[in-house]
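Report on the structure given below.
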Amino acid sequence: MELWIPITIGAAFLQNMRSTLQKHLRGRLNTTGATFVRFGYGVPFALAYMAILHYGLGRPMPSPNLSFWLWSITGGLAQIGATFLLVYIFAFRNFAVGTAYSRTEPAQAALVALVLVGETVTVGTVIAIAISVVGVMLISVARTELTAKSLITSIGSRTAVIGLMSGFLFGISGVSYRYASLSLAPSLPAPDPVVQAGYTLMVVIIMQAIAMLVWIVLRERQELSRVVGAWRPALLVGFVGATASFGWFTAMTLQPAAVIKALAQVEMLFTFASSVFIFKEHINRLEFTGCVLIVLGILALVLI
């Protein structure tokens, strides 16, 4: 088994855990505060990780170039924008439509990579991505009164457009992080995906934390005291989130972002496993069909 596969699956599991922890924080923090802890409380762990690699294991550090900074800034801003739009979708009554379209992220990442850097994927990979995307979209609307026909005809709606834009920005961030990491290779004695990914994450997460901190101070200063007061659970969110990000960045250094994003749909299976075995919730037929499609897409992707 290629290394990027278990790394991606592990990152997806940790991301699911981080999302669960963040939901618990929503009772103490607003959306901005709960989002900030993902970045702000992840900074110490990103710094510690790089310190261990450099000082503990003697791995040489890369020298960032202009290409690195351009890709990193683009990816960081795109991810913040995508997250904001995804949260904004939930303010709409028919938010399921927007959520479903935001799940087209892997397909849009492939398109972004093709346009920006001429990166291509095989026909088999495109089919695998399409299967998993359809599966996730089905799950997103499984508990609504929408039909497949109404989902297709709703593509021009405001919610759908915002969802597609969110997926598009997530696609840009994934491609940007991959090429930011790859741009560091020439400055090392030999390519080191672990160091390249860790360094990229460290820089990006610091930039995102600063950007969000400035926003909170200027626009939601009352939330700052609540963020500080929730430091214990927030540290756990930061640790799990940073660890998941180490996995994402490393995997995307090894493989195209579209491929990683497609395999990352396995997170939905972890979510449903928790629903069934822990919370004893019932899964309907459409959700089951979506899970089957995700599994088929992942198997096609891995076996190609």
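None of the figures in this text is laboratory data; all of them are computed from the coordinates on show. A quick note: this is a predicted structure, and the numbers were derived from the prediction, not measured. Cβ sites come from the backbone with ideal geometry, for glycine too, and all protein chains shown count toward neighbours.
Some notes on this structure:
- Mean Kyte hydropathy of 0.5 or more with a Cα span along the axis of at least 30 Å, helices from DSSP in the chain: 66-89, 158-182, 193-219, 231-254
- Candidates Ala185, Ala209, Ala48: whichever shows maximal mean-square fluctuation once the chain is modelled as a Gaussian network with Cα springs under 10 Å: Ala48
- Anisotropy class assigned to the range 180-304 is oblate, per the alpha carbon gyration tensor with a/c at or over the 1.5 cut-off and a/b no larger than b/c.
- Of [x] 0.98; [y] 0.94; [z] 1.28, the label for Cα Rg over 2.2 N^0.38 Å derived from the coordinates: [x]
- Choice from Gly58, Gly238, Gly40 showing the highest fluctuation, given a GNM over the chain with Cα pairs closer than 10 Å: Gly58
- Linear extension gain, Ile127 paired with Val194, 0.36 nm per residue minus alpha-carbon span: 21.2 nm
- Extension gain (nm, one decimal) between Trp231 and Tyr88, 0.36 nm per residue minus Cα-Cα: 48.9 nm
- Toward the positive end of the charge dipole of the range 11-132, with +1 on the Cβ of Lys and Arg and -1 on the Cβ of Asp and Glu, the farthest Cα among Gln15, Trp69, Val123 is that of Gln15.
- Largest GNM mean-square fluctuation across Val276, Val237, Val134, computed for the chain with C-alpha springs under 10 Å, falls on Val276.
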